[in-house]
Every structure is written in structure tokens, then in C-alpha cells.
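*Asks:* One structure coming up, written as C-alpha cells, with questions to follow.
The values are calculated or read from the model by the stated rules, or taken from the named source; none is laboratory data. Treat the numbers as computed from the prediction; the structure is a model and nothing was measured. As a convention, Cβ positions derive from the backbone with ideal geometry for all residues, glycine included, and neighbour counts pool all protein chains shown. When the accessible area is computed, the model is the full protein with side chains, heavy atoms only, and any ligands, DNA or RNA have been set aside. Shrake-Rupley method; radii C 1.70, N 1.55, O 1.52, S 1.80 Å.
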Amino acid sequence: MSSRRSSQLPQRRCCILDLPGGSAAAAVMAMRRTLHFVFKVGDRAKTATFYRDVLGMKILRHEEFEEGCKASCNGPYDGKWSKTMVGFGPEDDHFVAELTYNYGVGEYTLGNDFQGLTLQSSQAVRNAKRLGWPLTEVEEAVYRTEAPGGYPFYLVDREQPPRDPVQKVCLGVSDLPTTTHYWTDLLGMKVLEKDEEKKTVLMGYEDKQCKLELQDVGGSIDHGTAFGRIAFSCPRDQLPDLEALMKKENQKILTPLVSLDTPGKATVEVVILADPNAHEICFVGDEAFRELSKVDPNGNALLDKAMAEDKSEEWFAKHNRQKAIA
């Protein structure tokens, strides 16, 4: 998957931003919001401990699937898998993590594509110290830690705010100007901050939402096999226009507009894109997603039940074998 190619961004502004009157374009973009980042996990038990006991997040919903997702939500795998949404609050107004677990895969190879998720919570810092979870202070009141699998997280040692504590997700890029053009001119994000020294650009759709930070890594981007996906929502009727715009601009579309069914829940429509660094970007119709993403009060119990019934570790140990390393 790391060999996926995307064409260079033409140096022109997209049609939505060229509309007469900037307020109309701004109103359209204001209807978009950040949703989640998808992590592939090889050890659900350790991962659950990190998100629940260290970070202090809640299990918002848990789902089991017998076959792969039509939009490759679980990666390029066709077998049984699960999806667990975790966050500090409902997905309507919190940025959350989507944890995908493929039953036959025990480990994934990290690249330099995901540079970290930053959240503000003194409680998370205290939890990590109490549980002996490794922390490294990288600057005053900011600690670096890792989720199982090696994913970097940055914990700001300040009181958790009443709004969403998740501040930003940082993605590595090889060409900061070109990538910034893609996210602003084609996807309509606002640039909020630029740091020439750190070679970063911070952007977002709305100030109160989780932000996206682009970090120039000074070389090519390696997605490994753990490559993730960042998701956003927009009104459903924007999806065909977004897909048409990407076709017009000769940009990479990984999954054309498709409907995804979840048994007993809402059917959502998505378009999956790739930016100039092959970062996967999911846009989902907001109306159906709000219905799909309602907090399930049984989510925690469903995850615990699935982990208890997953005998794959015992089977591999009994047969003196290891799970596949993707």
C-alpha cells in the first residue's frame, strides 16, 4: 500500500473557493468536521488498557465483522475483523480513534506517516505514571508516550478541558507547500499557524475542532503496513461534487462514492481520497454518520466479550506459532 502514487497538485484554486463572495465558500466548509483517525492494532487487550486506563477514553461503540470492508477500513484484508471507536465523548463533537483489529494479524510495520496525536489531560499523565506506562518529557509539561504498536502520543500536562481534549493529529509529508495547497485549495481547510523552524503547518475547518498538522519530514513518506486513515464528515450532497472535483484535478481517488452497510444501523456513503503523500482521507455523509455513530451503552461490554471469546492467542501458542506480521 505504501507504493500508491498520487499526481502532483495543479497550482490553481478549486472551484468552490473561487465562488463569488468568500462567505459562501466559508459556509460550505464550516459544515465539514474532523471525525477520527484509524489505527490498526495487533493486541486488543493492551490497546484497550492504553485507551481506557491510561488516556481515560471511553468505548463509544464496538462492532464485529466476518469479512473485509468494501472501503478497506481494516486495510487490505478479507477475513474477520473488529472496529472499536474510543474517545473522550460522543463523535458528534469529539475527535476519536477507530481501532481496527484483524484476527489473523498480530503486528504491523510502522512508517513515518503518522507523527502523533496530541491531547491535553493531566489525568492521563497521572494514569501513565501510576500504571508505569513509559513517558518521556519532550518539552515543559508535554510528555511523549506510545500506544501498543508504537503509535506516538503527546500528553499535555494541563487540566483536561470541558471540550474535546484532543488538540491535533500530525501527519508527515515530503513536500509541505504542495501538500498544504492540496488541503487548503481542494479540501478547503484554513491555515491557522505556520512554523518555519519546525517545518509545520497547522490547519482545520473550525477552531474548536481537532486540528490537522502537517510536518515536513525532509524525505519520502513510508506508510509501512500500519498506514492509517483520517476521516471527516460533510453534508451528503457534497460527496459527488468532491469526487468530481478530484477527478477534474487528476487527484487520486482510492474508493469512489460507495455505500457501507452496518447491520442494524444506518448506511453511510463515503469517498476515500489520497493526498500527494498517499495519506488516506475518508469523507463520509454527515447525516447518516450522526445516526450510525450514536454512543452504544453496551460498547464497553461488547469489546470485553469479544476479547474474552477471541481464543486466537491460545490457538497460536498451543500450535507453537506466531500471528502474522503484516
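*Asks:* Using all alpha carbons of the range 115-203, what is the percent of pairwise distances in each 5 Å bin, ordered from the shortest bin to the longest?
*Replies:* Pair shares across the bins are 3, 12, 20, 21, 16, 13, 10, 4, 1, 0.
*Asks:* Which semi-axes, in whole Å and largest first, does the equivalent ellipsoid of the range 244-291 have when worked out from the alpha carbon gyration tensor as the square roots of 5 times its eigenvalues? Could the numbers behind the result be given before it?
*Replies:* Numbers: eigenvalues 114, 21, 15 Å².
Taking √(5λ) for each eigenvalue gives 24, 10, 9 Å, largest first.
*Asks:* Taking a 1.4 Å probe, which of C69, C170 shows the most accessible area, and what order do the others take after it? All intermediate terms of the calculation are to be shown ahead of the outcome.
*Replies:* Working: C69 35, C170 10 Å².
I get C69, C170, largest accessible area first.
*Asks:* Using every Cα-Cα pair within the range 188-253, state what percent have a distance larger than 18 Å. Please list the in-between numbers first.
*Replies:* Values: 1261 of 2145 pairs.
Counting every Cα pair in the range 188-253, those more than 18 Å apart make up 59 percent.
*Asks:* Provide the packing ranking of 174-182, 114-122, i.e. peptides ordered by the mean count of other C-beta atoms within 10 Å per residue, highest first.
*Replies:* Working: 174-182: 18.3, 114-122: 20.1.
Those peptides, ordered most packed to least, come out 114-122, 174-182.
*Asks:* Ok, one more. Give the calculated FRET efficiency between K311 and Q123 to the nearest 0.05, with a Förster radius of 30 Å applied to their Cβ-Cβ distance. All intermediate terms of the calculation are to be shown ahead of the outcome.
*Replies:* Working: r = 34 Å, r/R0 = 1.14.
Result of the calculation: an efficiency of 0.30.
*Asks:* Dividing the Cα convex hull volume of the range 39-122 by residue count, how many Å³ per residue is that? Each step should come with its number before you reach the end.
*Replies:* Numbers: hull volume 9.7 nm³, N = 84.
Cα-based convex hull of the range 39-122, divided per residue, equals 115 Å³.
*Asks:* What would the Debye formula give as log10 I(q)/I(0) at q = 0.07, 0.13, 0.15 Å⁻¹ for the alpha-carbon point model of the chain, no solvent?
*Replies:* Once normalised to I(0) and log-transformed, intensities are -0.27, -1.00, -1.37.
*Asks:* Can you run phi through the Karplus equation (6.51, -1.76, 1.60; θ = phi - 60°) for the range 268-277 and list ³J(HN,Hα) in whole Hz, with x for Gly and Pro?
*Replies:* 10, 10, 9, 10, 10, 10, 9, 7, x, 9
*Asks:* Around E213, with a cut-off of 9 angstrom between Cβ atoms, what is the net charge of the other residues, counting Lys and Arg +1 and Asp and Glu -1?
*Replies:* Values: positive: K168, K211; negative: E193.
Every neighbour counted, the sum reads +1.
*Asks:* Next up: When 1/r is averaged over all different Cα pairs and the result inverted, which Kirkwood radius in Å belongs to the range 179-326? Display every interim value, and only then the final one.
*Replies:* Values: mean 1/r = 0.0541 Å⁻¹.
Final number for the Kirkwood radius of the range 179-326 is 18.5 Å.
*Asks:* Given a 1.4 angstrom probe, what's the average accessible area per residue across the chain, in square angstrom? Walk me through the numbers before you get to the answer.
*Replies:* Values: 15070 Å² over 326 residues.
Value for the chain: 46 Å² per residue.
*Asks:* Along the positive direction of the dipole of the range 78-190 (beta-carbon charges: Lys, Arg +1; Asp, Glu -1; about the Cα centre), which of V173, L99, L186 reaches farthest?
*Replies:* Farthest towards the positive pole: L99.
*Asks:* Beyond 24 Å, what percent of the Cα pairs of the range 54-174 remain?
*Replies:* On the way: 2488 of 7260 pairs.
When all Cα pairs of the range 54-174 are counted, 34 percent exceed 24 Å.
*Asks:* Per residue of the range 295-306, what does 6.51 cos²θ - 1.76 cosθ + 1.60 with θ = phi - 60° give for ³J(HN,Hα)? Whole Hz please, x for Gly and Pro, Karplus curve as stated.
*Replies:* 4, 9, x, 9, x, 4, 5, 5, 5, 4, 5, 5
*Asks:* In what sequence, largest accessible area first, do D222, D93 appear using a 1.4 Å probe?
*Replies:* Numbers: D222 70, D93 100 Å².
Solvent-accessible surface, decreasing: D93, D222.
*Asks:* Stick to Cα atoms and the Kirkwood definition of Rh, then tell me Rg/Rh for the range 144-253. Walk me through the numbers on the way to the answer.
*Replies:* On the way: Rg = 15.6 Å, Rh = 16.0 Å.
Checking Rg against Rh, the ratio lands at 0.98.
*Asks:* Hey, another quick one. Using the Cα atoms of the range 266-326 to build a convex hull, what is its mean projected area in square nanometres?
*Replies:* Details: hull surface 27.9 nm².
That works out to 7.0 nm².
*Asks:* List the residues, sorted by chain then number, that are 5 or more residues from Q167 or on another chain and whose placed amide H is less than 5 Å from its amide H.
*Replies:* T118, L119, Q120
*Asks:* In addition: With a 1.4 Å probe and all protein chains in place, put W183, W133 in order of accessible area, largest first. The partial results should precede the final answer.
*Replies:* Details: W183 0, W133 55 Å².
Sorted by accessible area, descending: W133, W183.
*Asks:* How much length is gained on full extension from T49 to D237, taking 0.36 nm per residue of separation minus their Cα-Cα distance? Walk me through the numbers before you get to the answer.
*Replies:* Numbers: separation 188, 0.36 × 188 = 67.68 nm, distance 3.91 nm.
Result for the pair: 63.8 nm of gain on full extension.
*Asks:* Hey, rough spin-label estimate for A141 and A244, points 7 angstrom out along Cα→Cβ, what's it come to in nanometres?
*Replies:* 4.9
*Asks:* Wrap a convex hull around the Cα atoms of the range 65-109, take a quarter of its surface area, and give that in square nanometres.
*Replies:* Value for the range 65-109: 3.9 nm².
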